[in-house]
Structures are given as structure tokens and as C-alpha cells.
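Note sheet for the following structure.
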Amino acid sequence: MQSSMRARVAGGARRAVGPASRRLTVSVMNSNVLIANTKGGGHAFIGLYLAKELLKKGHKVTILNDGDADKLTKKNPYAKYHELERQGVTIAWGDPAKPSTYPRGNFDVVYDNNGKDLASCQPLIDHFKHKVDHYVFVSSAGAYKADPIEPMHVEGDARKSTAGHVEVEAYLEKARMPYTVFQPLYIYGPNTAKDCEQWFVDRIIRDRPVLLPAPGIQLTSLTHVEDVASMLATVPGNRAAIGQMYNVCSDRCITFTGIAKAIGKALGKDPEIILYSPEKVGTGKSGKAEGFPFRTVHFFASADKAKRELGWKPKHDFQKDVQGLVNDYKANGRDKKEVDFSIDDKILAALGKSVPKSSSSSSSSSSFSRVSSSSSAAKAEELPRSRSSFSPRRDLKIKRTVLPPNWRDSLDEAEPASAKPASGRSATTGRSSSVPKDWRSAL
């Protein structure tokens, strides 16, 4: 037993090695860590929170962020980077696919939280091959094949061969990199660059119906970004994690309807939930729906392997966090901003439901057109305000045709009386011969 628990030194870090069922990191200090971070999407704020977690563990951290600093630092999560810099984090801006832009220095651990395919990941992998103790690839649980019979994903389940992440994972193994792969599901929390629970708040806070792909009881995992970061931060110095894949998710799951009701409770509202078929209304297929933030099928996974081998456990619970999420939404002024509900309106119209008049939409649906309240008001301004009723002849200025006063008597006197049409009408046209033929053109 003592020999199995003896201390070993690996990559300058000291850790305890125990049985396979209890691979717990005891102490990891002073690793030099590089985080290659993406410029957008649901993984964008992982870099921010991972850096904070690594700092707490005593590591030195550098972030190489893809994109233009001048543009990105105006919005979250990048607007928070100045807080990291005050704590000693080095922020570099470049292109993870171009080694010439990489920050100088030697790194013990590299996290790739940027690439989604081999073209974007291979330059970083090749550059640090044989140079780092640990290479961490932040992949995606979206690469799993959906299983309608046993929907909970477990490490080792079938994955999509066409997924870019899977190609990167195969390359890491072929290159004999000391790698670990993490597979996050849906992530929520402050400073996100991609809406998750906010989609529901947008509608419920404005008293809009919440349109959910039927049956509405699909299960999904929602994981707080701090829990994601805490799992990823267990890697430095943990040689037992090399060659392993881990699902990154909460140990609880929730239904679409449950999300709506939890947010409604936090807002003090009873949300109107409408179920629909994306395929039937023409807004989705193959597990996706236009305008909806989640897959339309079950999407959750087991985190048991990470608990068992990394000693990790989540600290957050969505239902306990939801009030804070709603408060954060309001604090950022999102309840006052314009929201595009055109896809919602399209679905409601297809279902034969009335479209809320208070709809706040920044664009119209492509399948139908509406007259906005502002344009209606503008047209109303053109009509005379002094009149309470509308008259086409008066308000549209239609000209009145004035006929001669003697038009009934101006008949052709040379024509025999027996041949005269009754009431002064022409025998051929039924019109008085004194009435101009082009009288309609005077309108």
C-alpha cells in the first residue's frame, strides 16, 4: 500500500499516485500554462474562468486569444481580461493557427480551447510536440452520436466520424502527444459570449410564449462555467489523466419545460409554453431547430469518470443559480434591449396562433410581412385629423364628373319617336348621346 501511494515527481510537480479508482491530485505548483482561447461561441468564457482557477492553484498563466483585441475587448468575456492582468496573467493576441504569433517562452501545459477541426488545431499541436508535459484539447460532447434508446453519453460511446473534433483527437493519438480530451456540454454563467438560459429569459420577461420543440421533456445538461474550469484545472501534474477523455457536465439534468418553469419562478411569472414540431412548421430537422439554443433531442452525459479519476465534483446547481442568472440579466440591461422574435412569430403563424402585439422584433420574417406600428402611425399622419370618418372622394381627392344639366333631353330629334330608346338612352350604347364617351377618364 505504501509503495502504491509513494510520492513521485513529474514535470516539476509533486503528486500522490493511488489506485486507479482514486487518482487524486495532491499538490501541483508552478506549472507554466498556455491557454489558446477562441474568439467566440459557447467556449469563449472558459479561458477567463480557467485562468482564474489555475491562478488559485499557483500556476503561471498566459492566454493566447484568437482575434482582434480592439474589437473583442469591448465585450464579454474579453472585457474582463484586465482583471486577469492585474493578477499577473499575460494576455497575448494572435492566431493559434499561426505559430509566428505565439507568445515566447517554454510552457509545461497547453490548453487548446480554440480549434474545432484539424486545420485550426494542427499548427498548435505540431509546434508544441515534444515540448510540453501535457496537452489538453477542449473538444465537445456534440461529437457523440445521438442514441434514442440510451441517450446518456458515457466516455467510449460512438462518435461522429465526420466531426472535426474527432479528427483532432485521432491526430493527437497518432502524434503520441501526452494529451487529455475534455468534452463539455451546454455551459452557463456570467460573461458568456453565447446565450443559453438567456433565450428563455428573453421571452418570459416580456410575457412572450415560450416555443419548445415537442414533447418538451427532453433532458439536457447545463453546467456552470466555474465547474467546467475546476475540472480542466485538475490536469497539470496529473499524469494519470494522459490519454483519457472526460465528459464535462453537471451531475444533474433538466428538461426544456423545467428550464422555462424555473426561470418563470425566478421572475415571478407563469410562462406560457407552446409545444411544436420543427419539422412540421419548416424550422428544423435532424435534431436542430432554427432559433432554438439547444438540440431538440436528449443531450446529457455522465460525469462519473471525472469524479472517480480526477476527484472532481460540481459545486453548482442550475435551479439554485437561476435567480442570480435572472438578476444578472436585468443588471446588464437586457430586459430593455430589442430582441428579434421573427422566428417565433413565424412559428406562431404556422400554428395558427396569434402573434403578440407587443412583439419586439428587429427584423421581419421571410415568410410573411407585417406593417410595423411606426409605419402605420406615419400613414395615419397623412390623413386629415379634423375628420373623424374617411371619405375616398374627399381624402383621396377623387374628381367628380359633372354632367350637362339637359343630358336627358338632348336626344337626336331627327330620329323617329318609335325608334327612340326609353329615358333618353342611345339605342346602341344605352347612354345619352350628350354624355362624353371619355367621361370615365375624367376621374
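A few notes on this one:
- When the GluC sites (Glu not before Pro) in the range 252-339 are filtered for DSSP coil states and for at most 12 other beta-carbon atoms within 10 Å of their beta-carbon, the remaining sites are GLU338.
- Radius of gyration and Dmax over the Cα atoms of the range 141-234, both given in Å: 16.9, 55
- Charged neighbours of PRO123, selected by a Cβ distance under 13 Å, balance to -3 (K, R count +1; D, E count -1).
- Reachable aspartates and glutamates from LYS265, criterion Cα separation under 14 angstrom, eight or more residues apart if same chain: GLU197, ASP207, ASP321
- The Rg/Rh ratio for the range 246-340 is 1.03, where Rg is the radius of gyration of the alpha carbons and Rh is the Kirkwood radius.
- Once both labels are positioned 7 Å from their Cα atoms along Cα-to-Cβ, the gap between ALA69 and LYS280 label points is 5.5 nm.
- Taking the charge dipole of the range 211-317 about its Cα centre, with +1 at Lys and Arg Cβ atoms and -1 at Asp and Glu Cβ atoms, the residue from PRO314, ILE254, LEU212 reaching farthest to the positive side is PRO314.
- Averaging 1/r across all pairs of distinct Cα atoms in the range 32-176 and inverting the result yields a Kirkwood radius of 16.1 Å.
- Anchor LYS71: lysines whose Cα lies under 30 Å away (excluding residues fewer than 8 positions away in-chain): LYS39, LYS52, LYS56, LYS60, LYS80, LYS98, LYS116, LYS194, LYS330, LYS336, LYS337
No lab work stands behind these numbers, since they all come straight from the coordinates. Everything numeric here is computed off the predicted structure, so don't read it as measured data. For neighbour counting, all protein chains shown are included, and Cβ atoms are generated from backbone atoms with ideal geometry for every residue, glycine included.
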